[in-house]
2 protein chains.
Amino acid sequence: MAPALELLPKIESVPTKVLSAISNGVSGGNGLKLESVEKHQRVMGVFRAFIADQCQQYGEGHAGSPMGMAAIGIALYKYVMKYSPKNCNYFNRDRFVLSNGHACLWQYLFMHLIGVESMTLDQLKSYHSANLDSLCPGHPEIEIEGVEVTTGPLGQGVANAVGLAMATKNLAATYNKPGHEVVNNMTWCLVGDACLQEGVGLEALSLAGHWKLNNLCVIFDNNNVTCDGTADVANTEDINMKMRATGFNVVDVYNGDTDVAAIVDALIAARSGDKPTFLNIRTVIGFGAAKAGTADVHGAALGVDDVANVKKLFGLDPNQYFHIPQDVYDFFSDIPGRGEALEASWKVDLAKYREAEPALAAEFDRRVAGKLPEDWTQYITPKEAHPTASTATRKSAGVLTNAFASNINSFLVGTADLTPSVNVTYKNKVDFQSPELRTSCGLDGDYSGRYIHYGIREHAMCAISNGLSAFNKGTFIPMTSTYFVFHLYAAAAIRMAALQGLQQIHIATHDSIGVGENGPTHQPIAVAALWRAMPNLLFIRPCDAEETAAAYIAALQATDTPTVIALSRQGLTQYPQYSSRNGVLKGAYVFTEAEGDDFDVTLIGVGGEMCYAMQTRDLLLKNYGIRARVISFPCTRLFEQQSREYKQSVLKPSAGKPTVVIEAYPANGWERYADASVSMHSFGKSLPSKDTYAHFGFSAESIAPKVKDLVEEVRRDGIGIFRGDFRDLNGTLRIGLEH
Amino acid sequence: MAPALELLPKIESVPTKVLSAISNGVSGGNGLKLESVEKHQRVMGVFRAFIADQCQQYGEGHAGSPMGMAAIGIALYKYVMKYSPKNCNYFNRDRFVLSNGHACLWQYLFMHLIGVESMTLDQLKSYHSANLDSLCPGHPEIEIEGVEVTTGPLGQGVANAVGLAMATKNLAATYNKPGHEVVNNMTWCLVGDACLQEGVGLEALSLAGHWKLNNLCVIFDNNNVTCDGTADVANTEDINMKMRATGFNVVDVYNGDTDVAAIVDALIAARSGDKPTFLNIRTVIGFGAAKAGTADVHGAALGVDDVANVKKLFGLDPNQYFHIPQDVYDFFSDIPGRGEALEASWKVDLAKYREAEPALAAEFDRRVAGKLPEDWTQYITPKEAHPTASTATRKSAGVLTNAFASNINSFLVGTADLTPSVNVTYKNKVDFQSPELRTSCGLDGDYSGRYIHYGIREHAMCAISNGLSAFNKGTFIPMTSTYFVFHLYAAAAIRMAALQGLQQIHIATHDSIGVGENGPTHQPIAVAALWRAMPNLLFIRPCDAEETAAAYIAALQATDTPTVIALSRQGLTQYPQYSSRNGVLKGAYVFTEAEGDDFDVTLIGVGGEMCYAMQTRDLLLKNYGIRARVISFPCTRLFEQQSREYKQSVLKPSAGKPTVVIEAYPANGWERYADASVSMHSFGKSLPSKDTYAHFGFSAESIAPKVKDLVEEVRRDGIGIFRGDFRDLNGTLRIGLEH
């Protein structure tokens, strides 16, 4: 079909790239009845001009990608994607992820055009404004109607999309029955160059290919421009070959600026692929702008003159701003009704399903409502059932994971290739795998499986888990597992879970220097400080089986918060007479008071180092007659939620006695509660676990004399002197290396 | 050539996989004269038995991969790699990286066999022991003679190897002249499945392909087994196709267990490739063990019986332990002499080079010695040259980066695709690129270039920088640049720099909530706490141009320590009358005392929030007559190095007056120095920069009344009450989301 060049006003500044794209014309078409090419050009012109206005009003923002992706948006929102703008949370909707989140204006504007009511014209104008109630922040946020996941940090979104597609596959395999498809949505994910360069994206794509997630379509806005200029400056790989090697079907679209029909064709093909689809769409960034096709239009406004030229180029009045003519609204006017019909039809199907499969449907309904079975607490190990012999908390946690995962199918349990070490397998577990791999690779498992082998891909594990969580609040509770130190690989994704309020349980075993022989590379030192400082995240270090049980309770009660549970590799002394699940839920509690009525010092014991606090307590009394009380402090954030009265009852600050925290992490943050620390001031060392502890001064024999000195100093000088003078009892912070 | 099956004793337990590998025989050969097949079998048998003994003595450790990679080691260490075991630091040596670091026994044992003197038989037995002076820790550590980089966290090593290969390319392009090749070494990197799954590995490989680093050979120990079982469980991609798409030449070796000649052929071919080489070598993990080819031999000892069987299988006495017969030593005995000759020849070449190119050679010698020009301080902006108007610290830093990078070629300056934002370009910069890309893609640059476009790959940027640093101490000072929040993508690599004592400068712009409109995804909150807790890392937040200059001085003085400099996007008030470079070098200093002789409160100002401290100081005096002194606190670690006297002179704890820290990060850690904070308790918000600050309570108008209340409370109740009762003046830590 011939290009609609005559629609365009003849002005001199039409950029060559734009002219060339338009003159390449609109190709293809399929069974679906599309509107005319002229209409598409018209709508895209208005769309692009509006984006230019949005960035121009405050002289900044990301105009280029949204302008370049106009045709992709029309293909998706007008023709292919199944959703309901009147109920953006319609359960069986297609999920859409804008992994190139800086292109958010594109999504906001389409949401307005398709009839999402909260996205008003005024809201669109609030982008980059000081409006506290803006629904158009600088990157899409999950709290906004119609946004599935918060994106912006690149590569995260595409991994989220893999999680969303997995969620569909798992629910479909669990609940769909012949004649009853209650879940069958697609996941569409728009990516730029960055998401295909970032490691987290590559890890996730590799898994999508492995799992043959044919309900996933990754749409590459291939404009070949990044902030630094042409993308070639840092990337010259053959992306199509790479994606094929990774297990994707690859479809090319060569004129993604105007060829709506070709994009529609490709998207429709993706719906029926045997593998996930990678759609390589060539576009021109900032299509219509004078500097289209260059990095100059990536993260900047176009300037007043060019905005005017853009409007002229597309036949619009340069003196009209934020203008959406009625015919453009009309173009999208069928969508709300179509969406409502879609949802209504699903509800009819669901009603039939409830009749045919009442038990399954009841469970399905509960999970759609985002609830666990009401009696979930029965799977928490009762206090009397804990072992009394020395037991690693990773083992105690394993008992709980087993109970929950084998009994409640909301739990999707994954591991970054540490099945033998992290104890997260469960009775009758089934692997999440493509059933096709049974024949080709002899692998067990299918899509109803809930044990996920993520491979050695910690970052994707956590970012995919965000997608699983975001599919529908509470339908899944993803669990991840790896060594604690490897949380540094996944930190950006776990942060996104905290930012989005996604409930998850992250099992972090091999915490502290207790890891032993694997040495300093594997001994996490600073990671605890990161999670304690991270907003909306529970970081819990239980000291024994009972505290571990409490950690699971806290994690399951925290429905808007991810929880990291740090667990020991080494066996830990059990304290059935002292440890308390209610205490853990308050963050910290008195583990044991001192012998007699008074005390000389308070010791804070944490996780794997509780045993050193308790042994020091005994030795202080025996050797020096010093009376120590002990506080267990598994979670600083939970403690901060408590009343001032409770906090003071635990810490007893007015007694004027010193408090010493004993933890094999840096003391940072403990200064809030303690006057001194036995803590880590360097990286660890490759030694057997107990020897590592001893080497760094973690033994009652080493600690007790230092605490005695401190107690005597306080008796002599009072406690006041310690303010601003925190004591590192076993070392000081250093720069440079020791060796 | 026929297999040497007759060499093997006929015992019943020979695993099928082993028999099959052996019967596939030894193929190929090349110009190099190889020892006999029988000799190789003999050496490999002894090698594998020794590994089995090492793991068996303490009943743990990683035996499988080292046993599987025996033939690869012989090909590398005996035949192909150029190095000198008598001087492991010989400058032009081939670099070798064991990216699958858990296979460290393989490297330790080869180091012993080739004659590295420190690696004694007793040392080999110290693996997993309590010996504090062991040179055989659980993963290879850079401090050990012959180990180029510390590895273990998977994917890091292969990225380091890319950095090592870049280092060679850059030095060669800078210093080699026709007839004078003073640098031309290869980089060999051994990887397992994990390094090809981890995102950081994939990012780095993509760059190696892009840069056409034909001096890099990645050797894939393709045993298809990971901790979770067959690698297929999480990975079924076509790795050869993927590596070709990524820009590598791919060579297959099908019998990597015994076919030394084929491996030698492939390695030699890699030396003359036009691209980096990916060598896909099929091996059997735990070759020789009963459970060879399974995950059971990955991270465990084989058991006494199986160790005996391994020895019998290879014709060795099962009752001899840690036994290396003389003929096996003899096999490697030519290597030390060969290495010395290699180095001697290089020294002759270097002497000729010094005559031919005296100026270049002098610079080269200085860089080999790991030194900067002695007058490097001249490139620090003098105090009087700073702007007085409001200036972003990212701009002030840019002036320094420009001065250093344009004048001293030790600086390799990279960015993760944020050239327009991070201000790290420099005068006459040349991009690091393959010259071939000039013709194929029209890209500027060549291998002498020192501006590195890493693409959107923060993790690889930092892990590659570790390789650049590790090439030879001080020869390069890599700089990286990205937004501070994206340090969470790269955290695992920056940690490895701190662990290894590698000097680097990490430019982290867009720090704090001052980022503004990009919103909570881009506003780093918890990252500062991570870097402040990380051992051997300087985290510096300068408040103006003068403090930024000091941060560069600190970073350049810290020759065994990486430095992160956190810089503002927004303009910051300059304080020429208060800010002090010597103060910064002490970590914290008195910015200004209060008006008059006494004071009521101390305010700690940090980085981009210093202005709020200073404005609050003025408002406290004006509105309430409260006298505030202000401390600037850019670096906690440097402050901790100072004497107790200096610390007290800054903090004045004995005055009994409250101290309030004002920083738009969580307060965690500041409790050491302050009684109260104005800090962040949640994620940020998408608003213009100033509005973001105001929204979270960062304005003198909001802070001053709260400080006044605190001062009055202390006047009434004394300061003691605050111990264990830190005040969050503008909020509390929360779980769950606000909205």
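If you restrict to DSSP beta bridges whose two residues both lie in chain A, what percentage is antiparallel, to the nearest 5?
Around 10 percent of the beta bridges assigned by DSSP in chain A are antiparallel ones.
Determine the percent antiparallel among the DSSP beta bridges restricted to the protein assembly as shown, to the nearest 5.
Percentage antiparallel, nearest 5: 10.
In Å², what does the accessible area per residue of the protein assembly as shown work out to with a 1.4 Å probe? Walk me through the numbers on the way to the answer.
Numbers: 44480 Å² over 1478 residues.
About 30 Å² of surface per residue is accessible.
Across peptide A:680-690, what mean number of C-beta atoms from other chains lies inside 10 Å of a residue's C-beta?
Mean partner-chain Cβ count within 10 Å for A:680-690: 5.
Along Cα-to-Cβ, 7 Å out, sits the label point; list in nm, shortest first, how far the one on residue A:649 is from those in the other copies.
Its label point is 4.7 nm from the equivalent points in the other copies.
Give me the angle, in degrees from 0 to 90, between the Cα long axis of helix A:487-500 and the longest principal axis of the Cα atoms of chain A, rounded to the nearest 10.
70
Over 29 Å between C-alpha atoms is what I'm after, so list which of B:78/B:371; A:82/A:212; B:82/B:125 land there. Present the calculation step by step, with values, prior to reporting the outcome.
Working: B:78/B:371 34 Å; A:82/A:212 22 Å; B:82/B:125 27 Å.
As for pairs spanning more than 29 Å Cα to Cα, those are B:78/B:371.
What are the aspartates and glutamates whose alpha-carbon lies under 14 Å from the alpha-carbon of residue A:383, with same-chain residues fewer than 8 places away excluded?
A:544, A:546, A:547
Could you tell me the total accessible area buried at the A-B interface, probe 1.4 Å, in square angstrom to the nearest hundred?
11000
Past the 23 Å Cα-Cα mark, which pairs from B:473/B:647; A:395/A:690; A:473/A:586?
Pairs exceeding the cut-off: B:473/B:647; A:473/A:586.
For chain A, which span is the longest to avoid every loop-located (per DSSP) member of GluC sites (Glu not before Pro) having at most 16 other Cβ atoms inside 10 Å?
A:375-592
I want the antiparallel fraction of DSSP beta bridges within the stretch A:5-340, as a percent rounded to 5.
That works out to approximately 15 percent antiparallel.
Can you give the relative contact order of the stretch B:588-728 as a percent, counting alpha carbon pairs under 8 Å and 6+ residues apart?
So the answer I get is 27 percent.
Return the carbon/sulfur percentage of the accessible area of the stretch B:383-566, one whole number, probe 1.4 Å, all protein chains in place. Don't skip to the end; give the middle numbers.
On the way: 1710 of 3640 Å².
Accessible surface attributable to carbon and sulfur in the stretch B:383-566 totals 47 percent.
Which of the lysines could a cross-linker bridge to residue B:177, judged by Cα under 20 Å and excluding same-chain residues fewer than eight apart?
B:169, B:347, B:352
Return the residues of the stretch B:189-211 for which accessible area with all protein chains present is lower than in the chain on its own by 30 Å² or more; set the probe to 1.4 Å and exclude ligands, DNA and RNA.
B:197, B:198, B:199, B:202, B:203, B:206, B:210
Ignoring trypsin sites (Lys or Arg not before Pro) that are buried or in helix or strand per DSSP, and keeping those with at most 11 other beta carbon atoms within 10 Å, what is the longest stretch of chain A between them? Don't skip to the answer; put the middle values down first.
Details: sites that count: A:10, A:33, A:427.
The longest such stretch corresponds to A:34-426.
Just grab the label-to-label distance for residue A:351 and residue A:690, each label 7 Å out from Cα along the Cβ direction, in nm (one decimal).
Using points 7 Å along Cα→Cβ, the separation is 7.0 nm.
Would you kindly calculate the mean projected area, averaged across all directions, of the convex hull enclosing the Cα atoms of the protein assembly as shown, in square nanometres?
53.7
Could you tell me how far the Cα centroid of the stretch A:363-393 sits from the Cα centroid of the stretch B:272-346, in Å?
48
Based on alpha-carbon centroids, what's the gap between the stretch A:553-595 and the stretch B:550-610 in Å, whole number please?
40
Say the dipole of the stretch A:242-340 comes from +1 at the beta carbon of Lys and Arg and -1 at that of Asp and Glu; which of A:328, A:270, A:308 then lies farthest toward its positive end?
Checking the options against the dipole of the stretch A:242-340, the answer is A:270.
Counting partner chain Cβ atoms within 10 Å of every residue's Cβ in B:117-128, what's the average?
1
Quick one: grab the alpha carbon gyration tensor of the stretch A:376-566, order the square roots of its eigenvalues as a ≥ b ≥ c, and give me rounded if a/c is under 1.5, else prolate or oblate depending on whether a/b is larger than b/c.
Because its axes are fairly even, with a/c under 1.5, the stretch A:376-566 counts as rounded.
How big is the dipole moment of the protein assembly as shown about its Cα centre under a simple scheme where the beta carbon of each Lys and Arg is +1, that of each Asp and Glu is -1, and everything else is neutral? Debye, nearest 20, please.
580
Could you work out the mean count of beta carbons from other protein chains within 10 Å of each residue's beta carbon in B:555-564?
Working: counts 0, 0, 1, 2, 1, 4, 4, 0, 1, 0.
The per-residue average across the peptide is 1.
Return the chain B residue and its Cβ-to-axis distance, rounded to the nearest Å, for the rotation relating B to A.
Residue of B nearest the axis onto A, distance in Å: B:199, 1.
For residue B:323, which inter-copy label distances result when the label point lies 7 Å beyond Cα on the Cα-to-Cβ vector, reported in nm to one decimal and in ascending order?
Once sorted, the set of distances for residue B:323 reads 9.4 nm.
Whole-Hz Karplus ³J(HN,Hα) for the stretch B:407-423, in order, using 6.51 cos²θ - 1.76 cosθ + 1.60 and θ = phi - 60°, x for Gly and Pro?
10, 10, 7, 6, 7, 10, 9, x, 9, 8, 6, 10, 3, x, 10, 9, 6
Do you know the relative contact order of the stretch A:5-340, to the nearest whole percent, from alpha carbon pairs under 8 angstrom that are 6+ apart?
29
Give the distance, in whole Å, between the Cα centre of the stretch A:622-691 and the Cα centre of the stretch B:152-169.
40
In chain A, with Lys and Arg counted as +1 and Asp and Glu as -1 at Cβ, which of these residues, A:243, A:370, A:601, has the Cα nearest the positive end of the dipole, that is, farthest along it?
Result: A:601, furthest along the dipole toward the positive end.
Please give the per residue volume of the convex hull enclosing the alpha carbon atoms of the stretch A:487-602, rounded to a whole number of Å³.
125
Label-to-label distances across copies for residue B:440, with labels 7 Å out along Cα→Cβ, in nm, shortest first?
Those separations, rounded to one decimal, come out as 2.9 nm.
Compute the Cα gyration tensor for chain A, then decide on rounded, prolate or oblate, letting a ≥ b ≥ c be the square roots of its eigenvalues: rounded whenever a/c is under 1.5, prolate when a/b is larger than b/c in the other cases, and oblate in all that remain. Show your work: numbers first, answer last.
Values: a/c = 2.43, a/b = 1.87, b/c = 1.30.
In terms of gyration-tensor shape, prolate.
With θ taken as phi - 60° and the coefficients 6.51, -1.76 and 1.60, list the Karplus ³J(HN,Hα) couplings across the stretch A:296-310 in order, rounded to whole Hz; mark glycine and proline as x.
Whole-Hz 3J(HN,Hα) from phi for the stretch A:296-310: 4, 9, 5, x, 8, 6, 7, x, 4, 5, 6, 4, 4, 5, 4.
Can you give the charge dipole size of chain A about its Cα centre, rounded to the nearest 20 debye, using +1 on the beta carbon of Lys and Arg and -1 on the beta carbon of Asp and Glu?
Working: 64 positive and 78 negative charges, 237 e Å.
The calculation lands at about 1140 debye.
Quick check on chain B: helices-only [θ] at 222 nm, where DSSP H runs of length 4 and up contribute -39,500 (n - 2.57) each and the sum goes over total residues. Nearest 500, please.
Dividing the helical sum by the residues of chain B leaves -11500 deg cm²/dmol.
What do you get for the angle between helix B:104-114 and the principal long axis of chain B? Use alpha-carbon atoms, 0 to 90 degrees, nearest ten.
The helix B:104-114 is inclined about 60 degrees to chain B.
The values are calculated or read from the model by the stated rules, or taken from the named source; none is laboratory data. Quick caveat: nothing in here was measured; it's all calculated off a predicted structure. Methodologically, a virtual Cβ is constructed for each residue, glycine included, from the backbone with ideal geometry; neighbour enumeration extends over all protein chains shown. The protein model used for the area step is the full one, side chains on, heavy atoms only, and it has no ligands, DNA or RNA in it. Shrake-Rupley method; radii C 1.70, N 1.55, O 1.52, S 1.80 Å.
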